[in-house]
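Asker: Have a look at this one before I ask anything.
The values are calculated or read from the model by the stated rules, or taken from the named source; none is laboratory data. Small disclaimer: the values here were computed from a predicted structure and weren't measured. Every residue, glycine among them, receives a Cβ derived from its backbone with ideal geometry; neighbour counts consider all protein chains shown.
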Amino acid sequence: MTDPLFPISLRLTGRRVVVVGGGHVASRRTTSLLEAGAEVVVIAPQLSPALVARVERDEVTWVPRTYQSGDLDGAWLVQTATADPATDDQVARDAESAQLWCLKGGDPEGATAWMPATGRVDDIAVAVNAGGDARRAATLRDALVTVLESGDLPLRHRTHHPGGRVALVGAGPGDPGLITTRGRRLLAEADVVVVDRLAPQGVLEELDEDVEIIDVGKMPDRHPVPQEQINALLVDRARGGKIVVRLKGGDPYVFGRGGEELLACRAADVPVEVVPGVTSAIAVAAAAGIPVTHRGVARGFTVVTGHEELAHVPHGGDHTLVLLMGVKRLSQTTDELIRAGHRPTTPAAVIERGFLPDQRVTVATLGELAERAAAVGATAPAIVVVGDVVTALQD
């Protein structure tokens, strides 16, 4: 293709587009045109099964015959893909006379418009022309979409801001690599990040300097920003037109009070999205080589906080117990569990700072765990695992 191209995006919603041909190429292009909101008229004696289904659903208008001059009247765009060069050439000539842009299947040199390889990530459209090489364009398109989905590119809106909204994003435990691609992408779009102490701090270093970062981290027995104030912050910034990410360690709904924040946003009519995260209840145990379930060892598990009443927690080495936020009162907790029927000899472990470089695992029996943890100076953040799975995978 020697002529230079002028890249452009078209608004086709409610506009008539004619597709001449009923095979695979015509079907694929019809799908793209319908997604763009076009009113599609297909002209062909026969249709592919996919196009037949669209006709039956009244998604397209079918003219069941070969193309005739005059069929382009009222159209804004035409796609010809009949595999009959004479017919395709006639469509192209008629389009030229009518000053219509013509997409010509299999013959880009004879077309006045090209369809690039396209992809979409949220409200970002990727369109790649590659000198007529469709496979090359598709490969480049896929690579760009992958990078966009990873959140590695700057995605913040600078003009035409879509309006304020909140995303409750679970960042997983410790390692920044455990945040989901959806979470990373939302961070790349964020104007405001409201962050917990246990969220991976490394991801914040990647943000633009003008992104507002609000630290609402809670320490044991010290909550400098009450939950009601956090809820109000989210609503206030979103109502101000900002994209707000509430970044949490682990998962927003596993003892993360994400439900309260979601309800606060809904009550204020603020759009809100929840992005699940890798919960530390399972992942930190896995980091220490402990599966919370294992065939022949444990068929289920219970997750509670160390502040809860433990008398009715299932006991027995074949049911795993995971305690979050339980280090401070570990001695009382182990005593309660033993009084409730847990064997003092049940394997147990404290895992501190899971997935971080200084992760530490302390293994003992349930009866000895508190003393062993105190001897090594175990501190939060940590989880406690009780059950036969603690030693199931040991050599």
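Asker: ARG372 versus (1) farther than 19 Å from PRO291 by Cα; (2) charged (D, E, K, R); (3) modelled with pLDDT under 95: which is the lone unmet condition?
Answerer: (3)
Asker: Right, here's the next one. Show the residue pairs that are 6+ apart or on different chains and have beta-carbon atoms under 8 Å apart, the first residue being within the stretch 253-267 and in contact (Cβ under 8 Å) with a residue 40 or more places away in the chain and surrounded by 21 or more Cβ atoms within 10 Å (Cβ to Cβ), the second being assigned to a helix (DSSP H, G or I) and of a type in the set (A, V, I, L, M, F, W, C).
Answerer: GLU261/ILE230; GLU261/LEU234; CYS265/LEU234; CYS265/VAL235; CYS265/ALA238
Asker: With the requirement that a residue be basic (Lys, Arg) and either touching an Asp or Glu at 6+ places or on another chain (Cβ under 6 Å) or over 29 Å from ALA283 (Cα atoms) (or both), what does the stretch 247-264 give you?
Answerer: Result: LYS248, single match.
Asker: Can you tell me how many residues within the stretch 32-79 are farther than 20 Å from LEU12 by Cα and among the aliphatic types (A, V, I, L, M)?
Answerer: Going through the stretch 32-79 one residue at a time, the tally reaches 6.
Asker: Hey, can you tell me all the residues within the stretch 43-60 that are without any contact (Cβ under 8 Å) to a residue 24 or more places away in the chain and either surrounded by 14 or more Cβ atoms within 10 Å (Cβ to Cβ) or under 22 Å from SER97 (Cβ atoms) (or both)?
Answerer: ALA50, VAL52, VAL55
Asker: Taking the stretch 295-331 on its own, how many of its residues are within 16 Å of PRO381 (Cβ to Cβ) and either crowded, with 21+ Cβ neighbours inside 10 Å or not assigned by TED's automatic domain parsing to the domain that holds THR362 (or both)?
Answerer: 6
Asker: Can you name the condition, by its number, that VAL292 falls short on among (1) under 21 Å from PRO200 (Cα atoms); (2) buried (at least 18 other Cβ atoms within 10 Å of the Cβ)?
Answerer: Condition not satisfied by VAL292: (1).
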